[in-house]
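Notes for the one structure printed next.
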Amino acid sequence: MASNGMESMQLAEDQIKILEENFNRVSKHPDESTLMLIAAESGLTEEETAKWFRLRNAQWRQAEGLPAQLGSVKD
């Protein structure tokens with residue numbers, strides 16, 4: 001099975017914890033201002049944060065038995 005790309009991001013455990021908490025409690029699809037806050041909180045760039053959320057959403061959808069993509073806008 002192909003790597004989902006999350007392993008290649010080299011995040012610290014505390015960064016992953018912040019990202020996971022936001023994913024589970026705040027939004028699976030954060031808007032731009034929320035993304036900025038999450039990026040600032042985790043010490044990542046907005047691009048890295050957005051990438052993590054894209055990858056995490058695909059992972060979540062597969063776990064839920066849904067297609068990996070929503071079928072709407074891709075990147």
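The values are calculated or read from the model by the stated rules, or taken from the named source; none is laboratory data. These figures come from a predicted structure and were not determined experimentally. Note: ideal-geometry Cβ built from the backbone for every residue, glycine included; neighbour counts use all protein chains shown.
Worth pointing out:
- Near pairs, Cβ below 6 angstrom, 6+ apart or cross-chain, from segment 26-39 (within 17 Å of Q59 (Cβ to Cβ) and touching a residue at least 24 places away in the same chain (Cβ under 8 Å)) to any residue that is surrounded by 12 or more Cβ atoms within 10 Å (Cβ to Cβ) and among the hydroxyl-bearing types (S, T, Y): none
- Filtered residues of segment 14-31 (kept if polar (S, T, N, Q) and touching a Gly at 6+ places or on another chain (Cβ under 9 Å)): Q15
- Note on segment 1-44: residues that are exposed (fewer than 11 other Cβ atoms within 10 Å of the Cβ), in a loop (DSSP other than H, G, I, E, B) and modelled with pLDDT of 95 or more amount to 1.
- When segment 45-75 is limited to residues that are in a helix (DSSP H, G or I) and basic (K, R), the one that is modelled with the lowest pLDDT turns out to be R61.
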